[in-house]
Amino acid sequence: MTRSILFLGSQMAIGGAQRVLLQQAHWFQSRGYRVVAAFLYDKEGFEAQWREEHDIPLVNLHARKHGAGWLKNAWLLLGGLWRAWRLMRKERFDAIETFTHHSNFLVVIAWLAGIPVRVATNQGHILGFPRWMEHLHAGVINLGFATHLVAVSERVRTESIQQGARPEKICIIHNGTNMPEPAQFDKAAYRCSLGIPQDAPLVLSVGRLTDQKAHTFLVQAAPAVLEHFPDTVFAVAGDGELWDALQGEIRQLKLEDHFRLLGARGDIPFLLSVADIFALPSRWEGLPIALLEAMNMGLPAVATAVEGVEEVIEHGQNGLLIPLENAHALGNALSDLLSNKEMRQRIATAGKAHVRDRYSLERMCQGYQRLLNPGSESDQEITF
């Protein structure tokens, strides 16, 4: 029977996969399991902060250094793999769960180290992941190095099969969240600290500044919204390689007074508490944690009709869906919500109830418990 679990992620960074990993580690530890959360490397300098914030053992395998050359990183990778092997052999884990394709490859080391239960996860498409590595990843799954591959949505399961993974190796466990609403705090002072007027409608988006998250369409949608709601402020919480390009687009459209690029944030619950609408203009998703968190906090959401998003949002009922890469549709949807308070409240209430019923942390973790600890008692069904 499983008593110790290694949760292994690719990088210490602010992202959905990292939040899922840490939430699961806390959940299992609170139920008496011995857990360790390990990461291949610290991409954004969070190691010290996370050690203070999380009462779980954290391991940095130092398998990569952001900005280093390929030769040095190749050497670091070898050292990181060696450290992973030593960790697995020393701790003698009963189970391992890996997050994203990169860390999934380490189930081979887990197999060699004698860890009996090895669960890999597919959180969705990874930009720039080579086709040959997709096939190699499928081979690792098919050859039994992983006992299961978890897809976070039906669309991700379909993509895994298209990449070569055998259907019988894959099960679906939806991502979940339990982000609590912050205790009473001074919302006016908090908005002021962000440079946002107290009475201004606030449209918030959370996600890294990458091609995937497509924040450019939020910038392009803003002028149409401001034409009818001139006090609206748009805020984006996240960092990434497109920061300069997005800032340049904001300046070009003369939107500096209406946009706040907030960078990577550790206070997302507070941001959600003072926002009026959540926007997710992504080009693709697996099952976005940011969307679940926003809906769980009672925000009406506008999102592109992609992948796992369509499994969460029923258009017009618990959120609004818009076509891919369509700033005009995004602007119209935001304007519709801003002009109709009753609609905002109805969609927000339905979205909150839906997420808390279908996408709770408890439901997600019970599903993983069935895989990581086959002898445990759990009534959570797993879809194969």
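What follows draws every value from the coordinates through simple rules; no lab data is involved. Since the structure is predicted, the reported quantities are computational estimates derived from the model, not experimental observations. So basically every Cβ, Gly included, is an ideal-geometry build from the backbone, and we count neighbours across all protein chains shown.
Label points 7 Å out from Cα along the Cβ direction at Trp70 and Glu53: separation in nm?
Here the modelled spin labels are 3.4 nm apart.
Pop the C-beta distance of Asp231 and Ser30 into the FRET formula with R0 = 51 Å and round what comes out to the nearest 0.05.
Details: r = 44 Å, r/R0 = 0.86.
Efficiency for this residue pair is about 0.70.
Cα to Cα, under 17 Å, and not fewer than 8 places away if on the same chain: which lysines meet these conditions relative to Lys65?
Answer for Lys65, where 17 Å is the Cα cut-off: Lys43, listed by chain and number.
Between Leu321, Leu253, Ala294, whose Cα lies farthest towards the positive end of the dipole of the stretch 187-358 when Lys and Arg beta carbons carry +1 and Asp and Glu beta carbons carry -1, centred on the Cα centre?
Ala294
Between Gln162 and Glu325, how many nm apart are label points set 7 Å from Cα along the C-beta direction?
1.6
Between His62 and Ile126, what FRET efficiency follows from the Cβ-Cβ distance if R0 is 22 Å, with the result rounded to 0.05?
0.50
What net charge do the residues around Ile250 carry, taking every other residue with its C-beta under 12 Å from that of Ile250, with Lys and Arg at +1 and Asp and Glu at -1? Present the calculation step by step, with values, prior to reporting the outcome.
On the way: positive: Arg251, Lys254, Arg260; negative: Asp244, Glu249, Glu256, Asp257.
The answer is -1.
Roughly how big is the chain's charge dipole about its Cα centre, with Cβ charges of +1 (Lys, Arg) and -1 (Asp, Glu), in debye to the nearest 20?
Working: 37 positive and 41 negative charges, 293 e Å.
The dipole magnitude comes to about 1400 debye.
Which of Gln49, Gln317, Gln369 moves the most in a Gaussian network model of the chain with Cα springs under 10 Å?
For the chain, modelled as a Gaussian network with Cα springs under 10 Å, the answer is Gln49.
Give the calculated FRET efficiency between Leu255 and Lys341 to the nearest 0.05, with a Förster radius of 22 Å applied to their Cβ-Cβ distance.
Between Leu255 and Lys341 the formula returns 0.30.
For the chain, with a Gaussian network of springs between Cα atoms less than 10 Å apart, report the residue from Ser282, Ser205, Ser339 with the top mean-square fluctuation.
Maximum fluctuation in the GNM of the chain, among the listed residues, is at Ser339.
How charged is the neighbourhood of Val59? Take every other residue with its Cβ under 12 Å from the Cβ of Val59, and add Lys/Arg as +1 and Asp/Glu as -1.
Summing Lys/Arg as +1 and Asp/Glu as -1 gives +1.
I'm spelling it out carefully: the read-out is semi-axes √(5λ) of the Cα gyration tensor in Å, the candidates are (1) 36, 22, 20; (2) 44, 23, 16; (3) 55, 28, 19, and one was derived from this structure. Which label?
(1)
Pick from Glu97, Glu168, Glu293: which residue has the top mean-square fluctuation in a GNM of the chain where Cα pairs under 10 Å get a spring?
Largest GNM mean-square fluctuation: Glu168.
As a test, work out the antiparallel percent of DSSP beta bridges whose residues both lie in the chain, rounded to the nearest 5.
In the chain, DSSP labels about 5 percent of beta bridges as antiparallel.
Given axes a ≥ b ≥ c from the Cα gyration tensor, I'd like to know whether the stretch 6-160 is rounded (a/c under 1.5), prolate (a/b larger than b/c) or oblate.
Numbers: a/c = 1.27, a/b = 1.09, b/c = 1.17.
Rounded.
Write out the trypsin sites (Lys or Arg not before Pro) in the stretch 84-136 meeting two conditions: DSSP loop, and at most 12 other Cβ atoms within 10 Å of their Cβ.
Filter output for the stretch 84-136: Arg92.
Putting +1 on Lys and Arg Cβ atoms and -1 on Asp and Glu Cβ atoms, find which of Met343, Trp111, Val150 reaches farthest to the positive end of the dipole of the chain.
Trp111
Quick one: net charge around Ile161, please, counting Lys, Arg +1 and Asp, Glu -1 for every other residue with C-beta under 12 Å from its C-beta.
After counting each charged neighbour, the total is 0.
Taking the stretch 162-270, which chymotrypsin sites (Phe, Trp or Tyr not before Pro) meet the DSSP loop condition and have no more than 12 other C-beta atoms within 10 Å?
Passing both the DSSP loop test and the Cβ count: Phe185.
Within the stretch 291-327, find all residues whose amide N lies under 12 Å from a label point positioned 7 Å from the Cα of Arg358 along Cα-to-beta-carbon.
Answer for this model: 308-315, 317-319.
By a straight-distance test (C-alpha under 18 Å), which lysines pair with Lys341 as possible cross-link partners, with residues fewer than eight away in the same chain excluded?
Reachable lysines: Lys352.
Based on the mean of other Cβ atoms within 10 Å per residue, sort peptides 360-368, 109-117 so the most packed one is first. If you can, show how the numbers build up before the last one.
On the way: 360-368: 20.0, 109-117: 18.1.
Ranking, from highest mean packing down: 360-368, 109-117.
In terms of the Cα gyration tensor, with a ≥ b ≥ c the square roots of its eigenvalues, is the stretch 187-358 rounded because a/c is under 1.5, prolate because a/b exceeds b/c, or oblate?
Here the stretch 187-358 falls in the rounded category.
If the only charges are +1 at each Lys and Arg Cβ and -1 at each Asp and Glu Cβ, what is the size of the charge dipole of the stretch 194-291 around the Cα centre, to the nearest 20 debye? Please list the in-between numbers first.
On the way: 7 positive and 13 negative charges, 35 e Å.
The calculation lands at about 160 debye.
Quick one: of the DSSP bridges fully inside the stretch 187-358, what percent are antiparallel, nearest 5?
5
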